Ligand SMILES: C[S@@+](CC[C@H](N)C(=O)[O-])C[C@H]1O[C@@H](n2cnc3c(N)ncnc32)[C@H](O)[C@@H]1O
């Protein structure tokens, strides 16, 4: 589809998702996000991108004969206040939700949210041992590209079948080329979403 149509589509998609969340947050689900968070906050704006990316992962797993998301741990690298984990906990059925966050205060604030089925870990993603975390690693532009690439390499060494979702991360194309990753979904120009599987060495 031509880029101009996709741009229009994504623009409407964003508006619709924002409108839905505005309705939800201002009524019975207001606890989903704290009142201080504006629905036009980056988390909500990036939600359609994340939903699309997770949809692509779901289809990819099914194509390969897998069970689906319930077998995977969703790991938010740089989980901040836990907003994305909170939303994910309401919408998807992952095996476990894990937030890795370097900032102690943000960790404490997200732990207080009591997100179902979640584990918030105060750690530097560069030194954390991801061994045993069979899952989906989500990065919402948490760190400079050079560190991001090191974290991805480390996860690739420690985890057998890692799938990565990068949203709004800079230099996506360079990251893919340097890692020679197996791309599941790529939409760099328009909405900056990249999904790849490093379990297949290409
Ligand atoms: C843009 S926020 C992402 C928020 C969260 N992912 C969400 O979607 O709600 C980036 C977060 O990454 C954290 N961060 C930066 N470098 C990190 C590192 N090396 N290890 C763990 N967290 C890190 C920052 O403290 C910040 O909270």
Is it the case, given these coordinates, that residue 117 is within 8 Å of the ligand (Cβ to nearest atom), surrounded by fewer than 20 Cβ atoms within 10 Å (Cβ to Cβ) and at positive phi?
no
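I'm checking my understanding of the structure. Among residues of the stretch 64-77 that are out of contact with any helix residue (DSSP H, G or I) (no Cβ under 9 Å at 6 or more places or on another chain) and not in a helix (DSSP H, G or I), which one is nearest to the ligand (Cβ to nearest atom)?
Ranking the candidates gives 73 first.
Tell me the residue from 92, 133 that is within 18 Å of residue 196 (Cβ to Cβ), touching a residue at least 24 places away in the same chain (Cβ under 8 Å) and more than 10 Å from the ligand (Cβ to nearest atom), please. Before you say what the answer is, go through the steps one by one.
Working: 92 fails: within 18 Å of residue 196 (Cβ to Cβ).
Sole residue among the options that is within 18 Å of residue 196 (Cβ to Cβ), touching a residue at least 24 places away in the same chain (Cβ under 8 Å) and more than 10 Å from the ligand (Cβ to nearest atom): 133.
Given the structure, is residue 57 away from the ligand (no atom under 14 Å from the Cβ), within 17 Å of residue 167 (Cα to Cα), at pLDDT 95 or above and surrounded by 14 or more Cβ atoms within 10 Å (Cβ to Cβ)? If you could, list the steps in order and put the result at the bottom.
Details: away from the ligand (no atom under 14 Å from the Cβ): yes; within 17 Å of residue 167 (Cα to Cα): yes; at pLDDT 95 or above: yes; surrounded by 14 or more Cβ atoms within 10 Å (Cβ to Cβ): yes.
Judged against the criteria, residue 57 is a match.
The values are calculated or read from the model by the stated rules, or taken from the named source; none is laboratory data. Keep in mind that what you see is a predicted model, and the values were worked out from it rather than measured. Cβ coordinates were reconstructed from backbone atoms using ideal geometry, including for glycine residues, and neighbour counts include every protein chain displayed.
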